[in-house]
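A.B. asks: Here's a structure for you.
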Amino acid sequence: MAKKKAAGKKGKRSVTVHKRRKIAPRGSKASDALLAAVKGADRRNIGHVQLDVGRAGTARVKRMIYPAGFRWSVDMKPVVGTDLCMHAHVGFLARGEIHIAYADGCVVEYKAPQVVAIDPGHDGWVVGHEPVVLIEFDFEGDTVRRLGMPDVHRHV
């Protein structure tokens, strides 16, 4: 915060005056680092998901914001053209809650803050009224192999 000394009258001490900064309202994108623009990342919107992608060596670091009400089978299936999401998702759930359903009927619940590892072959949806923020790491089409994940969900 900038400080400015105000001169007082002779024999009086000086007073420190603080300049006021404008602060964005709480909950706005400007005041919320999880929702703010990501420096050095490419932004795009796909199936109602805001996706920011940056490179880190041979990996990608992605911040995905899923809006309240999002469901993969409703919002992404028409865009992607597969019955289920066939990508693996590995990262950190920073905000919100998601449920993942696999073809075998298994449902996994994730609630922030939590590490996530989602196998290919799933549907997923946002639970509640809060957007979900997922920070994800991947190797594009080689994520499953490079991270040692199964190519499809199996009970262990």
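A.B. asks: According to a simple spin-label model (label point 7 Å from Cα along Cα-to-Cβ), what is the distance in nm between residue 50 and residue 79?
C.D. replies: 1.4 nm
A.B. asks: Let me ask another. Classify region 18-153 as rounded, prolate or oblate, taking a ≥ b ≥ c as the square roots of the eigenvalues of its Cα gyration tensor: rounded when a/c is under 1.5, otherwise prolate if a/b is larger than b/c and oblate if not. Each step should come with its number before you reach the end.
C.D. replies: Details: a/c = 2.07, a/b = 1.57, b/c = 1.32.
In terms of gyration-tensor shape, prolate.
A.B. asks: In whole percent, how big is the carbon plus sulfur part of the accessible area of region 24-156, probe 1.4 Å, protein atoms only?
C.D. replies: 57 percent
The values are calculated or read from the model by the stated rules, or taken from the named source; none is laboratory data. Since the structure is predicted, the reported quantities are computational estimates derived from the model, not experimental observations. Methodologically, a virtual Cβ is constructed for each residue, glycine included, from the backbone with ideal geometry; neighbour enumeration extends over all protein chains shown. Accessible surface is based on the protein model in full, side chains and every heavy atom, while ligands, DNA and RNA are left aside. Shrake-Rupley method; radii C 1.70, N 1.55, O 1.52, S 1.80 Å.
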